[in-house]
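The values are calculated or read from the model by the stated rules, or taken from the named source; none is laboratory data. Everything numeric in this text was worked out from a predicted model, so none of it was measured. All Cβ positions, even for glycine, are placed from backbone atoms using ideal geometry, and neighbour counts span all protein chains on display. Each accessible area value is taken on the protein alone, full model and side chains, heavy atoms only, with ligands, DNA and RNA left out. Shrake-Rupley method; radii C 1.70, N 1.55, O 1.52, S 1.80 Å.
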Amino acid sequence: MSQHEITFTVNGESQSATVAARLTLVDFLRDALRLTGTHAGCEHGVCGACSVLLDGVPVRSCLTLAVQADGSEIVTVEGLAPEPGTLGILQDSFWETHALQCGFCTSGMLIASHALLAANASPTEDEIREAIGGNLCRCTGYKQIVDAIALAAERLRGSNLPAKEAADDER
Amino acid sequence: MKAAEFDYVRVASVEAACRALAEAGGDGKILAGGQTLVPMLAMRLLRPTLLVDVNRVASLQVIVAGGGEIVIGAGTRQSDALADEIVRRDLPLLAKALGFVGHVQTRNRGTVGGSIANADPAAEIALAALALDCEIVAQSVRGVRTIPIARFFQGAMTTALAADECLVELHFPAAPSGGGRGCGFHEVASRHSDFALAAAAVQLALDGEGACRSVAIAVGGVGGAPLRIDAATERLRGTTLAAEDLAAAAAIVREVVEPASDLHASADYRRRVAGALVERALLDARSEALAGRN
Ligand code: FES
Ligand code: FES
């Protein structure tokens, strides 16, 4: 089996390694880099738990070989927080609307919804549901997740306004 | 679930991909988006000795229009095709079909050609490509050849591609020009973006009087491969697509298809649904065409 030298950026940090051809990106992130926020659920492309951003777009890291990520930029759920131990606006909204129970799907949901909000500041409920359509959740029934993303969208829009308008907007 | 061992090579050109496939002597596989291949490796349904990664072959990721046709590079990402101006303008049926394919995450990796090469009987891209009568260009160290899509699908997950061939381009005839053109795509699936239990694709053109100048009808998910329903096409040409014409076309569809029963749906269900979906797709296409005529 062929071995390959790869270099890529993960959450802003450059990483180099030698990987076997068959190693998937999710296994590399979790086992080699110990970035265990990205979850391995089905390992064959069905559940979305393993979603990461690859060059800015959400993909399933169980369907991407580590060697294929060579030269690219990866962002995992760990890269969404402003700094370790804190929550970004989107994550905070998940917390506030009870958008997680066991949390297994959450990292994938966060990646999918982060990508949505980066492209569309005011998504409709349908657009939110479409964006997380590839992510399975066995606990919440999705309602709270959709609420969380809508709440985060609203807050992120407000965060771009000068303080006074934002305050008016809240009321 | 982990794939068995294999070798991997990343190539920068179609020629290099063909050489690698030839050297692998039938045990090599093209790795494009990997959205079907990688799960099959993980489940060990496939055990290739070599994966030839074509993701960075730039010439495979182009969409160009000209000379009465639209050429889509086989490695074009489904999400790129879906967002592409040329596809939206000149291949509206393909654009409609792409909306049903997978999820955001899989469309960001999955390719247009990969879906066709994979030949899932219920896949939407293959169905639209069949209705649109596209031509498939394949290359190997032995040369380049063009395969009409009508001869491409040979059964579930089986195509006319040889083991050493790389799918390179899809050539779509430009949609009938002038006003009065419309298309429709409908499917029934257990969840949006799942493979279809049955699906229908229709493209047609009306003349100034509202009579049907040309029409193409294809159904998917109801047999080993997507199927053109030419008898229904015959029945509709020249008509105004009145209710009884559409009902007659649907009856032909129900007669012609030979679906199988499985865990997800019975053969009878699929047959009835295929007829109904063709009717709905025809209705959509007709109203689009009527709206565009003026
Ligand atoms: S672990 Fe990748 S989609 Fe389920
Ligand atoms: S919170 Fe448990 S799977 Fe979504």
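Where helices (runs of 4 or more DSSP H) fall wholly inside the range B:39-109, the ranges with 3 or more residues that are without any contact (Cβ under 8 Å) to a residue 12 or more places away in the chain are B:85-90.
Let's see how each residue does on (1) within 11 Å of the chain's Cα centre (by Cα); (2) hydroxyl-bearing (Ser, Thr, Tyr):
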| position | (1), (2) |
| --- | --- |
| B:Arg89 | no, no |
| B:Ala97 | yes, no |
| B:Gly102 | no, no |
| B:Thr106 | no, yes |
| B:Cys134 | yes, no |
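For the residues B:Gly28, B:Gly34, the requirement of being surrounded by 17 or more Cβ atoms within 10 Å (Cβ to Cβ) and within 11 Å of chain A (Cβ to nearest Cβ) singles out B:Gly34. Filtering B:Ala126, B:Ala122 for residues that are touching an Asp or Glu at 6+ places or on another chain (Cβ under 9 Å), in contact (Cβ under 8 Å) with a residue 60 or more places away in the chain and crowded, with 24+ Cβ neighbours inside 10 Å leaves a single hit, B:Ala126. Using the structure shown, decide if B:Asp84 is of a type outside the set (A, V, I, L, M, F, W, C), surrounded by fewer than 24 Cβ atoms within 10 Å (Cβ to Cβ) and within 18 Å of B:Gln203 (Cα to Cα). In short, no. Scanning the range B:58-79 for residues that are surrounded by 19 or more Cβ atoms within 10 Å (Cβ to Cβ) and either of a type in the set (Gly, Ala, Ser) or touching a helix residue (DSSP H, G or I) at 6+ places or on another chain (Cβ under 6 Å) (or both) yields B:Ile63, B:Ile70, B:Ile72, B:Gly73, B:Ala74, B:Gly75, B:Thr76, B:Gln78, B:Ser79. So, B:Gly68, is that one under 22 Å from B:Ile86 (Cα atoms) and either within 14 Å of another protein chain (Cβ to nearest Cβ) or of a type in the set (D, E, K, R) (or both) or not? No; evaluated as a whole, the condition is false for this residue. Taken as a whole, the condition of being in contact (Cβ under 8 Å) with a residue 24 or more places away in the chain and assigned by TED's automatic domain parsing to the domain that holds A:Val19 applies to A:Thr64. Of the strands (runs of 3 or more DSSP E) entirely within the range B:132-180, those holding at least 2 residues that are among the β-branched types (Val, Ile, Thr) and modelled with pLDDT of 95 or more occupy B:135-140, B:143-148. Within the range B:7-23, the residues that satisfy the criterion of being within 14 Å of chain A (Cβ to nearest Cβ), open to solvent by less than 40 Å² (accessible area, probe 1.4 Å) and either touching a Ser or Thr at 6+ places or on another chain (Cβ under 6 Å) or among the β-branched types (Val, Ile, Thr) (or both) are B:Tyr8, B:Val11.
Of all residues in the range B:56-84, those satisfying the criterion of being closer than 21 Å to B:Gln105 by Cβ and within 16 Å of the chain's Cα centre (by Cα) are B:Ala74, B:Gly75, B:Thr76, B:Arg77, B:Gln78, B:Ser79, B:Asp80, B:Ala81, B:Leu82.
Residues in the range B:118-146 that are under 19 Å from B:Leu21 (Cα atoms) and among the hydrophobic types (A, V, I, L, M, F, W, C): 5 in all. Just one of (1) away from ligand 1 (no atom under 16 Å from the Cβ); (2) under 22 Å from A:Ala148 (Cβ atoms); (3) touching a His at 6+ places or on another chain (Cβ under 6 Å) fails for A:Gly88. It is (3). Tally time: how many residues in the range A:124-149 are away from ligand 2 (no atom under 11 Å from the Cβ) and open to solvent by 20 Å² or more (accessible area, probe 1.4 Å)? Count: 9. For the range A:41-120, the strands (runs of 3 or more DSSP E) that sit wholly inside it and include 1 or more residues that are at the interface with another protein chain (Cβ under 8 Å from one of its Cβ atoms) and open to solvent by 20 Å² or more (accessible area, probe 1.4 Å) are A:57-60. Looking across the range A:1-39, the residues that are hydrophobic (A, V, I, L, M, F, W, C), assigned to a loop (DSSP other than H, G, I, E, B) and either more than 9 Å from every other protein chain (Cβ to nearest Cβ) or buried (at least 20 other Cβ atoms within 10 Å of the Cβ) (or both) come down to A:Ala21, A:Leu23, A:Leu33, A:Leu35.
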